[in-house]
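S.K.: Take a look at the following structure, please.
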Amino acid sequence: MTRSRQRKLRRCETTGTGRILMRATPLAIAILACLPAAQAQVRNEGEGLEEVIVTATKRVESLQDVPLSIQAIGNAKLEELHVESFEDYAKFLPSVTYQTFGPGLAKIYMRGISTGGTPNHSGPLPSVGVYLDEQPITTITGPLDIHVYDIERVEALAGPQGTLYGASSQAGTLRIITNKPELKKFSAGYSVQGNVVSHGDQGGIIEGFLNLPVGDSAAVRLVGWAEHDAGYIDNKHGTLNFPAATSVYTGASAPAWTLDNAAFAKNNYNSVDTTGGRAALKIMLSDNWTVTPVVQAQKTISRGLFAYDESVGDLAVTHFSPEFADDRWVQLAATVEGKIGNLDLTYATGFLSRHDQTHSDYADYSLAYSVIYSGTGVGNYNVDNAGNPMQGVQRILGTDMFRMQSNELRISSPKTDRFRFVAGAFVGRQTHDIRQEYQLFGVNGSPDLGAQVSVTGWAPDFWLTNEQRVNRDSALFTELSFDLTPQLIATAGVRRYWSDNTLQGFYGYGQGNDWSGHTGEKECLNNVIQGFVLGPPILGNWCDDIHTGGVRWDGSAFVAVGGPWHDGVETKGSGWTPKFNLSYKFDAEHMVYGTYSRGFRPGGINRVGSLPPYAADYLTSYEFGWKTSWLNNRLRFNGAIYHEKWASFQFAFLGPNSVTQVANAGDAKINGLETQVDWAVDSHLTVSSGLAFTDASLSNNYYGYCGNVLCTTPQAPAGQMLPTTPKFKGNFEARYNWTLGGFAAHAQAAYVYQTYSWEDLRTVERELLGKQKPFGLLDLSFGLSRNRLDYEVFVNNVTDKREDLYRYSECTEAICAGTSLTSLGYPGHVYTVPGQPRTIGFRIGQKF
């Protein structure tokens, strides 16, 4: 220790606080006590809540002036709640629910608009749109899971947003708004966190930002982060016993055999590493014109499985292959803002490239079909090059490449005009290259799957999906508002949209496919009807690359198309989505409103060639809401009551051979209430609460498909509760600020709770998977601040509850979780995705 530091510490010891800390705490804490005293961040007596600014209507407005159901979590609140990812802020949004397999794989729902279904690449488009600033980032299999740091706010717009946001905003929209470069102002900050997860390992985060002016008319903002999330799922040692089998090709018999996972057993094997950054440049071209280009990128490497199998134990599975995911994305965006006369003009363009690779264990599927085939005397189709039964286990190698482009141009009149408008045009295109290889690798010294039963050129692929899915949409939109009186405001909006979706490529088994040397690289057209049966695989859908003709769905049947044509199946749609709103302001602090709105989701194409494309589905909403402030703006009480009708909703499910199918299932109705209360109790204490009551159910019987034909008895009766969404979800937060020994101190408690829900629409399947259990999570934190330095200790999920986020089986529920296995003496497997167990952490941060 230097003499200078010793002298400072001796001076510090002369104070009461310094003497206590020097005796009772480490040297570092004693040094902190000697820093200049800080004042607690308390409000002056009579000071109200901070105003919340949103851009949900594509104007800058106060939250209390917007006649929509919006919940906004600002920068300070995001930091106070320790929000680092989508899952962290979703639990504080009562109208939002989701399914997830792990990082970057969330399917988001709002206000109960969910059928559960199968959240994979072959399913419908999302019903909730997610935006990063001005750009949509809702890829076909879900939105980007962006690390939340240096974010200005998160906005949740509940209900159909079909007028201003269009496709995939059928049930609502989430908007992530980043902090923009600030001109003529230097600022910087960093945050360092370490944490320990119960039943798991240690994790940590390093993140920082820099805002640097460049002259008087430009500024750069740089943001970076690196995060390690601790693993907490154990891959327990175990075995699977496969039955004896006979080759259907040579008649050779093979004895029963055992699969052992000793080489892959590991504790805490689901760790995650995330690194990323953002660079934004803001240039003032003139007094009225600015341009802001932004580039963002993130890489997430996750290992293991993010679910546990209750039959194995709490937070444990027994899997038999390496499992990991590599998810990388880059977004390029630019926004130009300016004025033409008194009109505001905005042009936003964006390009997103996302590439992910996944390796997944599929041993449950391997065992299930081996047991079923053996138990019914069908025999063994898993053979080596010699035609002998092989000892093999399945795994899935997935590769997805997304490319997403969007362009929007809009103009708006001054918001102070009695008659005002927003009008614009949007064009978007999303391409998804899908490759799913279901491979059979030999174990215990056995060879891999034979080339003669593999997809040609893809050994040892037992099944291959190799397709390209393209979704195109364009629209013209406008919203007009008119002040009928100073208190009464009428708004009408409409969106004219066009969608054009195509699918081309190959899917199917290798057995029986004579490709005559073709490689399968997107050469194939779904014009060969495949008969799927549980038994010997039948010819997969295929075609060649000679573009002499094909088929197209015309709305009622497949029709031939002659001449040169791009192989594939296509479905188009167009329509109008209206909105009408009437709001009344009693005064500046009290408003009520009523809204009629409609949202849509484009139709798409089934990869099963014998099934027609599915049509668009529509959501019609009737909403009455209120925005009120009381007690000199110390109490804010907002809410909405709504009734929604969901017509011909799209439902994705696993059909024969566990292949995803999509059908327009029927109608549903949703009634709900959502509220948000914020109260500055006094100069020290603030409390907040958000609640959502949702009653979502079928309006008529759902019959579904039995094989490839319509069932004769309903799979779900009218009145059945829709999946994923609980009847009640709510949160409560309380924060107390005061001065403690020269530090600005705070203590905070946050509690979220939701009731049970189901995972599947259909009665049999939901009962096989079981209920998603109700749960309540308590987070606590305590912090000190001085000289812009923040020190905080926190405990998330204090009582270590199992947050039941998603339940699933690896293949069709009746096979992998039902009597198909249990009747033959084998256990079924249902997986539960939990939230993170109890986490204790310490954070240090500073802003300049």
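The values are calculated or read from the model by the stated rules, or taken from the named source; none is laboratory data. Computed from a prediction, not measured in an experiment: that's the story for all the values here. Every residue, glycine among them, receives a Cβ derived from its backbone with ideal geometry; neighbour counts consider all protein chains shown. Surface areas here come from the heavy atoms of the whole protein model, side chains and all, with no ligands, DNA or RNA. Shrake-Rupley method; radii C 1.70, N 1.55, O 1.52, S 1.80 Å.
S.K.: At most 16 other Cβ atoms within 10 Å and a DSSP loop assignment: could you name the chymotrypsin sites (Phe, Trp or Tyr not before Pro) in the range 659-734 that fit?
M.R.: Y703
S.K.: Express the accessible area of the range 568-694 per residue in Å², computed with a 1.4 Å probe while the remaining protein chains stay in the model.
M.R.: 35 Å²
S.K.: Let me ask another. With a point put 7 Å past each Cα toward its Cβ, work out how far Q357 is from N385 in nm, to one decimal.
M.R.: Output for this residue pair reads 2.5 nm.
S.K.: What full-extension length gain, to one decimal in nm, is calculated for R328 and L631 as 0.36 nm per residue of separation minus the Cα-Cα distance?
M.R.: Extending this stretch completely gives an extra 104.2 nm.
S.K.: Between T755 and K339, 0.36 nm times their residue separation minus their Cα-Cα distance comes to what?
M.R.: Values: separation 416, 0.36 × 416 = 149.76 nm, distance 4.96 nm.
Full-extension gain reported as 144.8 nm.
S.K.: Please get the size of the charge dipole for the range 721-848, origin at its Cα centre, with Cβ charges of +1 on Lys and Arg and -1 on Asp and Glu, quoted in debye to the nearest 20.
M.R.: Working: 15 positive and 13 negative charges, 104 e Å.
So the magnitude is around 500 debye.
S.K.: Right, next: Roughly to the nearest percent, how much of the accessible area of the range 141-207 is carbon and sulfur, given a 1.4 Å probe? Walk me through the numbers before you get to the answer.
M.R.: Working: 1000 of 1840 Å².
Whole-percent figure for carbon plus sulfur exposure: 54.
S.K.: Residues of the range 343-485: accessible area per residue at 1.4 Å, in Å²?
M.R.: Solvent-accessible surface per residue comes out at 36 Å².
S.K.: Something else: Leaving out ligands and nucleic acids, and using a 1.4 Å probe, what accessible area per residue does the range 82-214 come to in Å²?
M.R.: About 23 Å² of surface per residue is accessible.
S.K.: Something else: State the percentage of accessible surface on the range 623-667 attributable to carbon and sulfur atoms; use a 1.4 Å probe and exclude ligands, DNA and RNA. List each step's numbers first, then the result.
M.R.: On the way: 930 of 1440 Å².
Summing carbon and sulfur atoms, their accessible area is 65 percent of the total for the range 623-667.
S.K.: I would also like to ask the following. In 10 Å bins starting at zero, report the fraction of Cα pairs in the range 628-730 per bin as a rounded %.
M.R.: 13, 31, 22, 15, 11, 7, 1
S.K.: Mind checking the full-extension length gain between R429 and L285? Use 0.36 nm per residue of separation minus the Cα-Cα distance, one decimal, nm.
M.R.: Contour length minus the Cα-Cα distance gives 48.9 nm.
S.K.: To check my understanding: the extent here is largest minus smallest coordinate of the Cα atoms along each principal axis. What are those three numbers for the range 379-489, in Å, largest first?
M.R.: 84, 26, 21
S.K.: Now a separate question. Starting from the Kirkwood Rh over alpha-carbon pairs, what translational D in µm² s⁻¹ does the range 93-154 have by Stokes-Einstein at 25 °C and 0.890 mPa s?
M.R.: 196 µm²/s
S.K.: Leaving out ligands, DNA and RNA, what percent of the accessible area of the range 729-827 is carbon and sulfur, probe 1.4 Å? Write down the numbers at each step before the final one.
M.R.: Values: 2350 of 3820 Å².
Ligands and nucleic acids excluded, carbon and sulfur give 62 percent.
S.K.: Count charges around T725 for me, please; just the other residues with Cβ under 10 Å from its Cβ, Lys/Arg as +1, Asp/Glu as -1.
M.R.: The answer is +2.
S.K.: Read phi for every residue in the range 425-436 and hand back ³J(HN,Hα) as whole Hz from Karplus 6.51 cos²θ - 1.76 cosθ + 1.60, θ = phi - 60°, with x for Gly and Pro.
M.R.: Computed from phi, the couplings for the range 425-436 are 9, 9, 9, x, 8, 10, 10, 10, 8, 10, 9, 10 Hz.
S.K.: In angstroms, what radius of gyration and Dmax does the range 716-796 have, counting Cα atoms only?
M.R.: Answer for the range 716-796, Rg first and Dmax second: 20.5, 64 Å.
S.K.: Please give the FRET efficiency for W498 paired with M401, using the beta carbon to beta carbon distance and R0 = 22 Å, rounded to the nearest 0.05.
M.R.: 0.30
S.K.: What is the distance, in nm, between label points placed 7 Å from the Cα along the Cα-to-Cβ direction at V196 and at I840?
M.R.: Between V196 and I840, the label points sit 0.5 nm apart.
S.K.: With the contact rule set at Cα under 8 Å and sequence spacing of 6 or more, what percent relative contact order holds for the range 133-269?
M.R.: On the way: 242 pairs, mean separation 22.8, N = 137.
Here the relative contact order equals 17 percent.
S.K.: Each residue of the range 174-180 in order: what ³J(HN,Hα) in whole Hz does its phi give by Karplus 6.51 cos²θ - 1.76 cosθ + 1.60, θ = phi - 60°, with x for Gly and Pro?
M.R.: For the range 174-180, the Karplus curve yields 10, 10, 9, 10, 7, 5, 9 Hz.
S.K.: A follow-up question, please. If only Cα atoms are counted, what is the Rg of the range 255-342, and what is its Dmax, in Å?
M.R.: Values for the range 255-342 (Cα only, Rg and Dmax): 24.3, 84 Å.
S.K.: So what's the net charge close to Y791: Lys and Arg +1, Asp and Glu -1, counting the other residues with Cβ under 14 Å from its Cβ?
M.R.: +1
S.K.: Can you sort F101, F86 by solvent-accessible area, 1.4 Å probe, largest first? Before the final figure, lay out each step's value.
M.R.: Details: F101 65, F86 15 Å².
The ordering from most to least exposed comes out as F101, F86.
S.K.: Run the quick spin-label model on D667 and V764: label points 7 Å from Cα toward the beta carbon, then report their separation in nm to one decimal.
M.R.: Inter-label distance under the simple model: 2.8 nm.
S.K.: I've got another one for you. List the residues, sorted by chain then number, that are 5 or more residues from E803 or on another chain and whose placed amide H is less than 5 Å from its amide H.
M.R.: The answer is G835.
S.K.: Across the range 329-345, in residue order, what do the Karplus-derived ³J(HN,Hα) couplings come to in whole Hz, using 6.51 cos²θ - 1.76 cosθ + 1.60 with θ = phi - 60° and x for Gly and Pro?
M.R.: 8, 9, 10, 10, 8, 8, 10, 10, 10, x, 10, 10, x, 9, 9, 8, 10
S.K.: Which value, in Å to one decimal place, does the Kirkwood hydrodynamic radius take for the range 629-687 when every pair of different Cα atoms is included?
M.R.: Details: mean 1/r = 0.0642 Å⁻¹.
About 15.6 Å for the range 629-687.
S.K.: Any idea of T620's accessible area? Nearest 10 Å², probe 1.4 Å.
M.R.: Solvent-accessible area, nearest 10 Å²: 20 Å².
S.K.: Can you work out the FRET efficiency for the pair L476 and V798, with r the C-beta to C-beta distance and R0 = 60 Å, to the nearest 0.05?
M.R.: Efficiency at R0 = 60 Å is approximately 0.70.
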